[in-house]
Protein chains: 2
Amino acid sequence: MYVPTDQPGHLAPGQFERIAKALSDPRRFAVLEKIAAAECECPYQSLCAHFPVSKATISHHLKELVQAGLVDSERDGQFVNARVRPGVVEAYAAELIRRATGGE
Amino acid sequence: MYVPTDQPGHLAPGQFERIAKALSDPRRFAVLEKIAAAECECPYQSLCAHFPVSKATISHHLKELVQAGLVDSERDGQFVNARVRPGVVEAYAAELIRRATGGE
DNA sequence: TTAGTAGTTCGACAGTTGTATAATCATCTG
DNA sequence: CAGATGATTATACAACTGTCGAACTACTAA
(Lines give C-alpha, C1' and ligand atoms only; values in the text may rest on other atoms or scores of the structure.)
Protein backbone atom coordinates (compact mmCIF):
# COMPACT_ATOMS: atom_id res chain seq x y z
CA MET A 1 0.00 0.00 0.00
CA TYR A 2 1.42 3.34 -1.07
CA VAL A 3 1.90 5.80 1.72
CA PRO A 4 3.31 9.23 0.98
CA THR A 5 6.46 10.22 2.80
CA ASP A 6 6.45 12.76 5.57
CA GLN A 7 8.65 15.45 4.13
CA PRO A 8 7.72 18.44 6.26
CA GLY A 9 5.77 21.09 4.43
CA HIS A 10 5.48 19.16 1.19
CA LEU A 11 2.78 16.86 -0.16
CA ALA A 12 3.31 14.11 -2.73
CA PRO A 13 1.62 14.44 -6.13
CA GLY A 14 -2.08 13.72 -5.85
CA GLN A 15 -1.95 13.73 -2.07
CA PHE A 16 -3.74 17.04 -1.78
CA GLU A 17 -6.82 15.66 -3.58
CA ARG A 18 -6.65 12.44 -1.60
CA ILE A 19 -6.59 14.29 1.71
CA ALA A 20 -9.51 16.48 0.69
CA LYS A 21 -11.49 13.34 -0.10
CA ALA A 22 -10.49 11.70 3.15
CA LEU A 23 -11.62 14.71 5.16
CA SER A 24 -14.97 15.04 3.42
CA ASP A 25 -16.87 12.28 5.20
CA PRO A 26 -18.03 13.35 8.68
CA ARG A 27 -17.61 9.91 10.20
CA ARG A 28 -14.14 9.49 8.78
CA PHE A 29 -13.16 12.90 10.07
CA ALA A 30 -14.54 11.95 13.47
CA VAL A 31 -12.28 8.90 13.41
CA LEU A 32 -9.33 11.13 12.58
CA GLU A 33 -10.30 13.47 15.38
CA LYS A 34 -10.53 10.59 17.83
CA ILE A 35 -7.08 9.40 16.82
CA ALA A 36 -5.75 12.92 17.23
CA ALA A 37 -7.31 13.22 20.68
CA ALA A 38 -5.48 10.15 21.94
CA GLU A 39 -2.17 10.70 23.64
CA CYS A 40 0.51 9.34 21.32
CA GLU A 41 -1.27 6.17 20.12
CA CYS A 42 -4.88 5.20 19.48
CA PRO A 43 -5.82 1.50 19.51
CA TYR A 44 -8.03 0.27 16.70
CA GLN A 45 -10.32 -1.34 19.26
CA SER A 46 -11.09 1.93 20.97
CA LEU A 47 -12.18 3.30 17.62
CA CYS A 48 -14.51 0.34 17.12
CA ALA A 49 -15.89 0.85 20.61
CA HIS A 50 -16.43 4.55 20.11
CA PHE A 51 -18.40 4.53 16.84
CA PRO A 52 -21.67 2.75 16.08
CA VAL A 53 -20.41 1.15 12.88
CA SER A 54 -18.96 -2.24 12.08
CA LYS A 55 -15.28 -3.12 12.40
CA ALA A 56 -15.08 -3.40 8.63
CA THR A 57 -16.19 0.19 8.22
CA ILE A 58 -13.65 1.45 10.74
CA SER A 59 -10.95 -0.53 8.98
CA HIS A 60 -11.99 0.98 5.67
CA HIS A 61 -11.91 4.53 7.00
CA LEU A 62 -8.57 3.92 8.65
CA LYS A 63 -7.19 2.66 5.36
CA GLU A 64 -8.32 5.82 3.59
CA LEU A 65 -6.71 7.98 6.25
CA VAL A 66 -3.47 6.03 5.98
CA GLN A 67 -3.45 6.16 2.17
CA ALA A 68 -3.99 9.91 2.36
CA GLY A 69 -0.94 10.09 4.61
CA LEU A 70 -2.89 11.69 7.44
CA VAL A 71 -2.44 8.75 9.76
CA ASP A 72 0.20 6.18 10.54
CA SER A 73 -0.99 2.68 11.33
CA GLU A 74 1.24 0.20 13.06
CA ARG A 75 0.73 -3.40 14.04
CA ASP A 76 1.64 -4.43 17.55
CA GLY A 77 1.17 -8.16 17.65
CA GLN A 78 -2.54 -8.81 17.39
CA PHE A 79 -3.33 -5.15 17.73
CA VAL A 80 -3.15 -2.08 15.56
CA ASN A 81 -2.39 1.41 16.73
CA ALA A 82 -3.01 4.60 14.84
CA ARG A 83 -1.25 7.92 15.10
CA VAL A 84 -1.85 11.24 13.39
CA ARG A 85 0.90 12.80 11.29
CA PRO A 86 0.62 16.44 12.30
CA GLY A 87 3.10 17.54 9.66
CA VAL A 88 0.85 16.28 6.89
CA VAL A 89 -2.21 17.99 8.35
CA GLU A 90 -0.29 21.24 8.56
CA ALA A 91 1.13 20.87 5.06
CA TYR A 92 -2.37 20.34 3.70
CA ALA A 93 -3.71 23.36 5.57
CA ALA A 94 -0.85 25.50 4.28
CA GLU A 95 -1.30 24.39 0.67
CA LEU A 96 -5.04 24.92 0.97
CA ILE A 97 -4.56 28.51 2.08
CA ARG A 98 -1.99 29.11 -0.62
CA ARG A 99 -4.10 27.71 -3.45
CA ALA A 100 -7.53 28.87 -2.29
CA THR A 101 -6.63 32.45 -1.46
CA GLY A 102 -4.50 33.28 -4.49
CA GLY A 103 -1.28 33.07 -2.49
CA GLU A 104 -1.74 36.39 -0.75
CA MET B 1 -30.07 30.74 0.40
CA TYR B 2 -28.26 30.51 3.69
CA VAL B 3 -24.77 31.87 3.70
CA PRO B 4 -22.72 31.83 6.88
CA THR B 5 -21.44 35.12 8.15
CA ASP B 6 -17.83 36.11 7.89
CA GLN B 7 -16.86 36.48 11.51
CA PRO B 8 -13.10 36.25 11.35
CA GLY B 9 -11.68 33.08 12.79
CA HIS B 10 -15.04 31.48 13.50
CA LEU B 11 -17.17 29.08 11.49
CA ALA B 12 -20.93 28.69 11.82
CA PRO B 13 -22.33 25.36 13.07
CA GLY B 14 -22.08 22.72 10.39
CA GLN B 15 -19.93 24.93 8.20
CA PHE B 16 -16.80 22.91 8.82
CA GLU B 17 -18.40 19.77 7.38
CA ARG B 18 -19.87 21.72 4.49
CA ILE B 19 -16.51 23.20 3.57
CA ALA B 20 -14.83 19.80 3.72
CA LYS B 21 -17.46 18.46 1.32
CA ALA B 22 -17.09 21.44 -0.99
CA LEU B 23 -13.32 20.97 -1.16
CA SER B 24 -13.48 17.24 -1.83
CA ASP B 25 -14.32 17.32 -5.52
CA PRO B 26 -11.27 18.08 -7.69
CA ARG B 27 -13.21 20.03 -10.29
CA ARG B 28 -14.98 22.12 -7.68
CA PHE B 29 -11.69 22.86 -6.00
CA ALA B 30 -10.25 23.86 -9.38
CA VAL B 31 -13.12 26.31 -9.74
CA LEU B 32 -12.34 27.72 -6.32
CA GLU B 33 -8.68 27.98 -7.25
CA LYS B 34 -9.54 29.79 -10.47
CA ILE B 35 -11.69 32.26 -8.55
CA ALA B 36 -8.86 32.79 -6.09
CA ALA B 37 -6.37 33.37 -8.88
CA ALA B 38 -8.41 36.22 -10.32
CA GLU B 39 -7.58 39.70 -9.16
CA CYS B 40 -10.46 40.87 -6.98
CA GLU B 41 -13.36 39.47 -9.03
CA CYS B 42 -13.89 36.44 -11.24
CA PRO B 43 -16.65 36.54 -13.88
CA TYR B 44 -18.87 33.49 -14.15
CA GLN B 45 -18.27 33.43 -17.89
CA SER B 46 -14.54 33.01 -17.53
CA LEU B 47 -15.21 29.96 -15.36
CA CYS B 48 -17.43 28.48 -18.05
CA ALA B 49 -14.78 29.21 -20.66
CA HIS B 50 -12.01 27.68 -18.58
CA PHE B 51 -13.57 24.30 -17.73
CA PRO B 52 -14.85 21.65 -20.13
CA VAL B 53 -18.20 21.25 -18.38
CA SER B 54 -21.63 22.70 -18.96
CA LYS B 55 -22.88 26.01 -17.57
CA ALA B 56 -25.23 24.08 -15.34
CA THR B 57 -22.37 22.21 -13.72
CA ILE B 58 -20.38 25.39 -13.08
CA SER B 59 -23.46 26.98 -11.58
CA HIS B 60 -23.96 23.97 -9.33
CA HIS B 61 -20.36 24.01 -8.10
CA LEU B 62 -20.50 27.74 -7.53
CA LYS B 63 -23.63 27.30 -5.46
CA GLU B 64 -21.92 24.72 -3.28
CA LEU B 65 -18.94 27.00 -2.76
CA VAL B 66 -21.23 29.89 -1.82
CA GLN B 67 -23.30 27.76 0.55
CA ALA B 68 -20.11 26.61 2.22
CA GLY B 69 -19.20 30.26 2.72
CA LEU B 70 -15.96 29.92 0.78
CA VAL B 71 -17.06 32.22 -2.01
CA ASP B 72 -19.13 35.34 -2.40
CA SER B 73 -21.26 35.59 -5.51
CA GLU B 74 -22.66 38.91 -6.68
CA ARG B 75 -24.86 39.86 -9.59
CA ASP B 76 -23.81 42.78 -11.75
CA GLY B 77 -26.63 43.29 -14.21
CA GLN B 78 -26.63 40.30 -16.52
CA PHE B 79 -23.40 39.03 -15.10
CA VAL B 80 -22.25 37.27 -11.97
CA ASN B 81 -18.94 37.76 -10.28
CA ALA B 82 -17.36 35.49 -7.71
CA ARG B 83 -14.87 36.32 -5.02
CA VAL B 84 -13.10 34.16 -2.47
CA ARG B 85 -13.54 34.85 1.23
CA PRO B 86 -9.99 34.37 2.50
CA GLY B 87 -11.06 34.64 6.12
CA VAL B 88 -13.25 31.58 5.79
CA VAL B 89 -10.52 29.56 4.13
CA GLU B 90 -8.12 30.52 6.90
CA ALA B 91 -10.67 29.78 9.62
CA TYR B 92 -11.27 26.34 8.14
CA ALA B 93 -7.55 25.63 7.94
CA ALA B 94 -7.07 26.73 11.53
CA GLU B 95 -9.94 24.61 12.83
CA LEU B 96 -8.69 21.65 10.81
CA ILE B 97 -5.27 21.86 12.42
CA ARG B 98 -6.78 22.29 15.84
CA ARG B 99 -9.15 19.34 15.57
CA ALA B 100 -6.95 16.98 13.56
CA THR B 101 -3.77 17.35 15.56
CA GLY B 102 -5.20 17.22 19.05
CA GLY B 103 -4.82 20.95 19.57
CA GLU B 104 -1.07 20.81 20.10
C1' DT C 1 -42.68 44.35 -26.35
C1' DT C 2 -39.79 41.21 -28.67
C1' DA C 3 -35.44 39.11 -29.25
C1' DG C 4 -31.22 37.82 -27.41
C1' DT C 5 -27.84 36.80 -23.86
C1' DA C 6 -26.53 35.35 -18.95
C1' DG C 7 -27.39 32.36 -15.36
C1' DT C 8 -30.28 29.01 -12.57
C1' DT C 9 -33.21 25.12 -11.75
C1' DC C 10 -35.26 20.59 -13.07
C1' DG C 11 -35.22 15.73 -14.24
C1' DA C 12 -32.57 12.02 -15.23
C1' DC C 13 -28.58 9.04 -15.35
C1' DA C 14 -23.95 6.92 -14.51
C1' DG C 15 -20.41 6.54 -11.38
C1' DT C 16 -18.92 6.82 -6.69
C1' DT C 17 -19.04 5.73 -1.80
C1' DG C 18 -20.34 4.52 3.11
C1' DT C 19 -22.01 0.56 5.15
C1' DA C 20 -22.95 -4.30 6.48
C1' DT C 21 -22.25 -9.38 6.47
C1' DA C 22 -19.42 -13.07 5.55
C1' DA C 23 -15.10 -14.96 4.47
C1' DT C 24 -10.19 -14.65 5.03
C1' DC C 25 -5.76 -13.49 7.01
C1' DA C 26 -2.77 -12.63 11.19
C1' DT C 27 -1.43 -13.37 15.71
C1' DC C 28 -1.38 -15.34 20.15
C1' DT C 29 -2.05 -19.22 23.47
C1' DG C 30 -2.77 -23.78 25.15
C1' DC D 1 -1.29 -28.35 15.96
C1' DA D 2 -6.18 -26.40 17.14
C1' DG D 3 -8.82 -22.79 18.83
C1' DA D 4 -9.68 -18.02 19.86
C1' DT D 5 -9.31 -13.22 19.08
C1' DG D 6 -8.03 -9.04 16.26
C1' DA D 7 -8.12 -6.96 11.87
C1' DT D 8 -8.56 -6.91 6.70
C1' DT D 9 -10.69 -8.07 2.39
C1' DA D 10 -14.64 -9.51 -0.69
C1' DT D 11 -19.11 -8.86 -2.18
C1' DA D 12 -23.27 -6.48 -2.40
C1' DC D 13 -26.35 -2.70 -1.99
C1' DA D 14 -28.67 1.76 -0.94
C1' DA D 15 -27.68 6.52 -0.93
C1' DC D 16 -25.30 10.24 -2.69
C1' DT D 17 -23.25 13.18 -6.30
C1' DG D 18 -21.15 15.11 -10.60
C1' DT D 19 -22.82 15.73 -15.00
C1' DC D 20 -25.79 16.95 -18.87
C1' DG D 21 -29.72 18.81 -21.76
C1' DA D 22 -33.79 21.24 -21.49
C1' DA D 23 -36.80 24.36 -19.46
C1' DC D 24 -36.99 28.47 -16.98
C1' DT D 25 -35.81 33.13 -14.96
C1' DA D 26 -33.17 37.65 -15.07
C1' DC D 27 -31.51 41.27 -17.45
C1' DT D 28 -30.39 44.20 -21.69
C1' DA D 29 -31.08 46.29 -26.07
C1' DA D 30 -33.64 47.21 -30.19
What gaps in nm, shortest first, separate B:Glu33 from its twins in the other copies when you place the label 7 Å past Cα toward the beta carbon?
-> 2.8
Roughly what angle does helix A:86-100 make with the longest principal axis of chain A, taking Cα atoms, 0 to 90 degrees, to the nearest 10?
-> 40 degrees
May I ask for the angle, rounded to the nearest 10°, between helix B:15-24 and the longest principal axis of chain B, with both axes built from Cα atoms and the value confined to 0 to 90°?
-> 50 degrees
Along the charge dipole of chain B, Cβ charges K/R +1 and D/E -1, which of B:Leu96, B:Pro52, B:Leu65 sits furthest on the positive end?
-> B:Pro52
Taking the Cα centre of the protein assembly as shown as origin, sum charge times position over the Cβ atoms of Lys and Arg (+1) and Asp and Glu (-1), and report the length of that vector in debye to the nearest 20.
-> 640 debye
Two-decimal Rg/Rh of the protein assembly as shown from alpha-carbon positions, Kirkwood Rh?
-> 1.01
Longest to shortest principal axis, alpha-carbon extents of chain B, angstrom | 46, 25, 25
Cα-based reach from A:Lys21 at 16 Å (exclusive), listing lysines while leaving out same-chain residues under 8 positions away | A:Lys63, B:Lys21
Over chain B, the sum of -39500 (n - 2.57) across DSSP H runs of at least four, divided by residue number and rounded to 500 deg cm²/dmol, gives at 222 nm -17000 deg cm²/dmol
Quick one: putting +1 on the C-beta of Lys and Arg, -1 on the C-beta of Asp and Glu, what dipole do you get for the stretch B:15-100 around its Cα centre, in Debye to the nearest 20?
-> 280 debye
On a 0 to 90° scale, report how tilted helix B:55-67 is relative to the longest principal axis of chain B, with both axes built from alpha carbons and the result rounded to the nearest 10.
-> 30 degrees
Could you please state how large a percent of the accessible area of the protein assembly as shown is carbon and sulfur, counting protein chains only and using a 1.4 Å probe?
-> 51 percent
Could you give me the ³J(HN,Hα) list for the stretch A:38-53, computed from phi with Karplus coefficients 6.51, -1.76, 1.60 and θ = phi - 60°, whole Hz, x at Gly and Pro?
-> 6, 7, 6, 10, 10, x, 3, 5, 5, 5, 4, 6, 8, 10, x, 10
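The values are calculated or read from the model by the stated rules, or taken from the named source; none is laboratory data. Note that the structure is predicted; figures quoted are calculated from it, not measured. With ideal geometry, Cβ positions are generated from the backbone for all residues, glycine too; neighbour counts draw on all protein chains shown. Ligands, DNA and RNA are stripped out before the accessible areas are found, and what is left, the full protein with its side chains, is counted by its heavy atoms. Shrake-Rupley method; radii C 1.70, N 1.55, O 1.52, S 1.80 Å.
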